[in-house]
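As structure tokens, the structure follows; a few thoughts come after it.
The values are calculated or read from the model by the stated rules, or taken from the named source; none is laboratory data. Just so you know, these numbers come straight off a predicted model, no measurement behind them. Ideal geometry is used to build each Cβ from the backbone, glycine not excepted, and the neighbour counts take in all protein chains shown.
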Amino acid sequence: MGALPAEQRIDPSEEQRREVVRRIKEAADIGEIIGEHVTLQRAGANLKGLCPFHSEKTASFMVNPGRGSFHCFGCGEGGDVFNFLMLYHRIAFPEALKQLAERYRIPLAENTLSPQQREEARKRENLYAVNARAAALYHHFLLHDPAAANARAYLEKRGMPPAIISRFQLGYAPERWDFLRRVLEGEKFPAQIAEEAGLLVAKRAEGPNPSPHYYDRFRDRIIFPIVDQTGRVAGFGGRILGNGEPKYLNTPETPVFDKGRTLFGLFQNRDALRKAKSCLLVEGNFDLLALVAQGIDEVTAPLGTALTAEQLRLLRGYVEEVILVFDGDSAGLKAAMRSVPLFLAEKLTGRVAVLPAGEDPDSYIRAHGRESFNELMRQARSLPEFVFDKLAEQHGLGVDGKNRIIAELAPIVHELDDQLLLRTRFIAHFSERLGISSEQFGQSIGRAPHRRPGPAATPPPPGPDRQNFTLSANEGRIFAFLFLHGRYLPEFLAAGLRENASGPTATILLDLMVTHHEKFIRAPEVLLEYTEGGLKSLVSRLLIDGGTMYPEAVQEESASELIAWLRRDDRRRESDQLVREINAAYQAGDQEKLLALMKQKQALSNGG
């Protein structure tokens, strides 16, 4: 086989974009960046942890710092540091690029992004920009406008010091329909952008082509800017100051705001959470602020909705334990029951602290102080124990009550059907509490019927092409080696790699490897730049597999074995072809050709 072909000619502007991306990837420490969101442990040359993109009980998420790649063997997500940030934060490539460029102080030229990427980035940047401006306006109005006197007095009454107001950029939306609209209009912010950000509401009149009339969504409300994990204002929460409903109003879902994947205070308190490895989850924004004002920073709050698997998955990257703090007036049994399966699925320890009747975290800590509150948190019960005790209070421990308790515990125990040891322990513990045998308890709940997994337990659906990109076992072994030791590519090709690895996916990979051979030989992970979707996932898996299957110490031996196998297989194919040609010559009665072919076959058999 001849020399490798020259690399394809690439558009200079495209090559410049790729060069900037490569510089950023070389500077970025993928282990450090992913480790800020996922708890990772060393596993040979790789780092291993629970996947942040789907619920799993056994860690199958691998990061290879040397190759700058990650791959989850459970859901199939994989790629480079850009892909991780895009998937984890649900941002577009331009935002991930900008974040990393700023972090590693690498300048970006205007042509770093394609026109389509620039347009997509502009749209999202406009949403963030109008949110940032609104937050600043509300904050300034609260601090300085005479019309915000009642709001300032309210915050003072709630014990909010200036430092907390500043740290969380609290604001006030006046009791006017056009405050924000007029300011944004005067500053040339398009009303359509403010509407898409959820700040303005459009009222459309009847008629063939009516122009919409815009008015402010938030009026006479204390404003809580909601900051996403990238540190930007993604949305707002508003607490009514006077009379009116709803008491709390949040920004609706937007391209940059998703309530189910966001926690109030997570960004501001992230360092405290990592240090404590524990999180207090409170129900309201003021509860969180009251605790922070007292020096308790390891706290977050959902945005007025039930706790979601995605929120727990976010917390799992920071802490090992979550304490649900319930108000004394609502024992929280239903919320606790709903959350037990989520905690089990995310492998997080859950505990429950219930405040005295009539108290919430805000009122309790102001009345009794920080140490008394901390003592209550230390007494928090495990989540399953809390659920059992509340069920016992509700149903009693008579025969009928026990039957009802077993029925309500059954879904929780069934979440452990694939974790036999933990399931056995749960059954043994609960059966002892009920005063029945483990066998009776197990027989009562049976095994879980076939259930369609809920959203929390369902891995992200693969891309439309993911299942089509597959390799045979032999192809997988060969490519895993080459992705670890790309310099052997010419020898593998000379030994018959292209003829041996002839499947559709293998052909695509080989074409990429040959087209970009100089870059591939230096750094096989470069192929991540030229792949998308399911193919990128396959490349990320091969980058991880190489280090696992072929330790560095035996690379020469592994290369020799694989090349020898390729050559044997190449001779076998040539032999099979000669046999077919010999049969054809025999059937045609061509003695001269038959004799020549048989000599070739003999020489091949003798290793010639």
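What to note about this one:
- You will find that of Arg103, Arg122, the residue that is under 24 Å from Arg270 (Cβ atoms), out of contact with any Cys (no Cβ under 8 Å at 6 or more places or on another chain) and surrounded by fewer than 20 Cβ atoms within 10 Å (Cβ to Cβ) is Arg103 and no other.
- Selection count where residues are polar (S, T, N, Q) and crowded, with 24+ Cβ neighbours inside 10 Å, scope segment 48-99: 3
- Candidate set: segment 271-315, residues that are assigned to a strand (DSSP E or B) and among the β-branched types (Val, Ile, Thr); chosen: the one nearest to the chain's Cα centre (by Cα): Thr300
- Scanning segment 374-423 for residues that are touching a strand residue (DSSP E or B) at 6+ places or on another chain (Cβ under 9 Å) and among the hydrophobic types (A, V, I, L, M, F, W, C), we see that the one that is nearest to Glu439 (Cα to Cα) is Val387.
- Look at segment 212-225: where a residue is closer than 16 Å to Phe141 by Cα and a partner is acidic (Asp, Glu), sitting 6+ places away or on another chain with Cβ atoms under 7 Å, you get Asp216/Asp178; Arg219/Glu175; Asp220/Glu175.
- Within the span defined as segment 199-207, one or more residues are surrounded by fewer than 16 Cβ atoms within 10 Å (Cβ to Cβ), of a type outside the set (Asp, Glu), within 34 Å of the chain's Cα centre (by Cα) and within 30 Å of Ala121 (Cβ to Cβ).
- Lys25 being at pLDDT 85 or above and either outside any loop (DSSP other than H, G, I, E, B) or of a type in the set (D, E, K, R) (or both): yes
- Within segment 208-230, the set of residues being among the hydroxyl-bearing types (Ser, Thr, Tyr), surrounded by fewer than 20 Cβ atoms within 10 Å (Cβ to Cβ) and assigned to a strand (DSSP E or B) comprises just one member, Tyr215.
- Any hit, segment 233-255, residues being without any contact (Cβ under 8 Å) to a residue 40 or more places away in the chain, of a type in the set (Ser, Thr, Tyr) and at negative phi: no
- Count of segment 30-54 residues which are assigned to a strand (DSSP E or B), over 13 Å from the mean Cα position of the chain (by Cα) and not hydrophobic (A, V, I, L, M, F, W, C): 4
- Residues (assigned to a helix (DSSP H, G or I), small (Gly, Ala, Ser) and either modelled with pLDDT under 95 or farther than 19 Å from Phe236 by Cα (or both)) located in segment 130-166: Ala147, Ala149, Ala153, Ala163
- Val387 being buried (at least 20 other Cβ atoms within 10 Å of the Cβ) and under 30 Å from Arg158 (Cα atoms): no
- Exactly one residue among Pro302, Pro356 is modelled with pLDDT under 95, surrounded by fewer than 20 Cβ atoms within 10 Å (Cβ to Cβ) and closer than 13 Å to Leu263 by Cα, and that residue is Pro302.
- Pick from segment 320-333, criterion surrounded by 20 or more Cβ atoms within 10 Å (Cβ to Cβ) and at pLDDT 90 or above, ranking: nearest to Phe343 (Cα to Cα): Val322
- Criterion: of a type in the set (A, V, I, L, M), touching a residue at least 24 places away in the same chain (Cβ under 8 Å) and farther than 23 Å from Gly198 by Cα - qualifying residue of Ile91, Ile106: Ile106
- Unmet criterion (only one of (1) closer than 22 Å to Ala151 by Cα; (2) modelled with pLDDT under 90) for Arg204: (1)
- Qualifying positions in segment 231-275 - among the acidic types (Asp, Glu) and either surrounded by 14 or more Cβ atoms within 10 Å (Cβ to Cβ) or not assigned by TED's automatic domain parsing to the domain that holds Tyr138 (or both): Asp258, Asp271
- Flag: Ile405 matches the condition of being outside the structural domain of Gln294 (by TED's automatic domain parsing) and surrounded by 16 or more Cβ atoms within 10 Å (Cβ to Cβ).
- When we screen Gly396, Gly358, Gly350 for residues that are more than 27 Å from Tyr318 (Cβ to Cβ), in contact (Cβ under 8 Å) with a residue 12 or more places away in the chain and not hydroxyl-bearing (Ser, Thr, Tyr), the only hit is Gly358.
- Residue in segment 490-505 that is surrounded by the fewest Cβ atoms within 10 Å (Cβ to Cβ), counting only those that are aliphatic (A, V, I, L, M) and either in contact (Cβ under 8 Å) with a residue 40 or more places away in the chain or not assigned by TED's automatic domain parsing to the domain that holds Ile521 (or both): Ala494
- Helices (runs of 4 or more DSSP H) (entirely within segment 463-543) containing at least 3 residues that are among the aliphatic types (A, V, I, L, M) and out of contact with any Gly (no Cβ under 6 Å at 6 or more places or on another chain): 473-484, 489-494, 504-515
- Residues satisfying the criterion are absent from segment 180-194 (criterion: charged (D, E, K, R), more than 24 Å from Phe286 (Cα to Cα), under 31 Å from the mean Cα position of the chain (by Cα) and assigned to a helix (DSSP H, G or I)).
- Meets criteria (surrounded by fewer than 17 Cβ atoms within 10 Å (Cβ to Cβ) and basic (Lys, Arg)) for Arg133: no
- Conditions (1) part of a loop (DSSP other than H, G, I, E, B); (2) surrounded by 22 or more Cβ atoms within 10 Å (Cβ to Cβ): number failed by Gln169: (2)
- Set side by side, the residues Leu303, Leu324, Leu312 differ, and just one is over 29 Å from Val413 (Cβ atoms) and assigned by TED's automatic domain parsing to the domain that holds Arg366, which is Leu303.
- When the residues of segment 371-390 are filtered to those that are in a helix (DSSP H, G or I) and among the aliphatic types (A, V, I, L, M), the one that is nearest to Val299 (Cα to Cα) is Met377.
Rundown of residues vs (1) of a type outside the set (S, T, N, Q); (2) under 22 Å from Glu19 (Cα atoms); (3) touching a Lys or Arg at 6+ places or on another chain (Cβ under 8 Å), yes/no style:
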position	(1), (2), (3)
Ala506	yes, no, no
Glu518	yes, yes, no
Ile521	yes, yes, yes
Gly534	yes, no, yes
